[in-house]
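The values are calculated or read from the model by the stated rules, or taken from the named source; none is laboratory data. This is a predicted model, so every value here is computed, not measured. Cβ sites come from the backbone with ideal geometry, for glycine too, and all protein chains shown count toward neighbours. Just the protein is used for accessible areas: all its heavy atoms, side chains included, with ligands, DNA and RNA removed. Shrake-Rupley method; radii C 1.70, N 1.55, O 1.52, S 1.80 Å.
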Amino acid sequence: TVSSTSKQLAKRGQLLDRRGRILAASRLGYSLFVDPSLVDDPELIALELGELLGLPPAEIERKIRSRPNSKYIVLELLLNDAQLNAMNNLNMKCVGIEQRLVREYPHGNIGDALIGMVGTEHTGLAGFENSFNERLLGVSGSFIRLRDTRRQTLWVSPEDFTPTQDGGDVQLSIDVVIQDIATSRLMEEIQRCNAGGGRLVVVDPMNGEILAM
């Protein structure tokens, strides 16, 4: 038997508009990695993985050979459902899958300058993602488990379990529909006037809340 520590990723909170429509949300995805130190035949592994995942074998082999002494190389940053199913049914000690957070913006580039973005560590880099980062950011949990020689879990220690705390949601005064209309009208006027740019703010006169910017 062997013990190992597993991490449970916390989801980042959602950004919502004034009517509860989702502007930004996180979901769990999976990436594929390889341990080159456990690879006996890079060409063979590359051919097998390439066929299963629909990826160029030459590119997989190049990545493995580029850092032969490394313990960890990402082969595919985000697996689709078919690729994930293929990997779950594969028994190779040199490759594995791990969870990663994926930040999605359902309304595309509507209000993207306001909403901002997250970095590789899923922390806010700009816009509301950065302004409300402390509230949106969750705390990942972890647990220690005892596994047998077939890597099956035998026991999880309650004393070594840290629960995951997902981030909190933030509801904005912005209305994504008004934001879209305002952006379109502003662009029309910029083009009509042959201007270098423009600024527009839509405010609710009853309470001063910003509906679009």
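Just a few scattered comments:
- Search result, residues across region 49-99 that are out of contact with any helix residue (DSSP H, G or I) (no Cβ under 7 Å at 6 or more places or on another chain), open to solvent by 80 Å² or more (accessible area, probe 1.4 Å) and among the basic types (Lys, Arg): Arg62
- Unmet requirement for Asp35, which otherwise passes all of (1) over 13 Å from Leu101 (Cβ atoms); (2) modelled with pLDDT of 90 or more; (3) out of contact with any Phe, Trp or Tyr (no Cβ under 6 Å at 6 or more places or on another chain); (4) not hydroxyl-bearing (Ser, Thr, Tyr): (2)
- Output for region 180-189, where each listed residue is of a type in the set (Val, Ile, Thr) and open to solvent by 70 Å² or more (accessible area, probe 1.4 Å): Ile181
- Subset of region 190-213 that is small (Gly, Ala, Ser) and part of a loop (DSSP other than H, G, I, E, B) - its residue that is least open to solvent (accessible area, probe 1.4 Å): Gly198
- When residues in region 54-85 are screened for being at pLDDT below 85 and within 22 Å of Arg27 (Cβ to Cβ), 0 of them pass.
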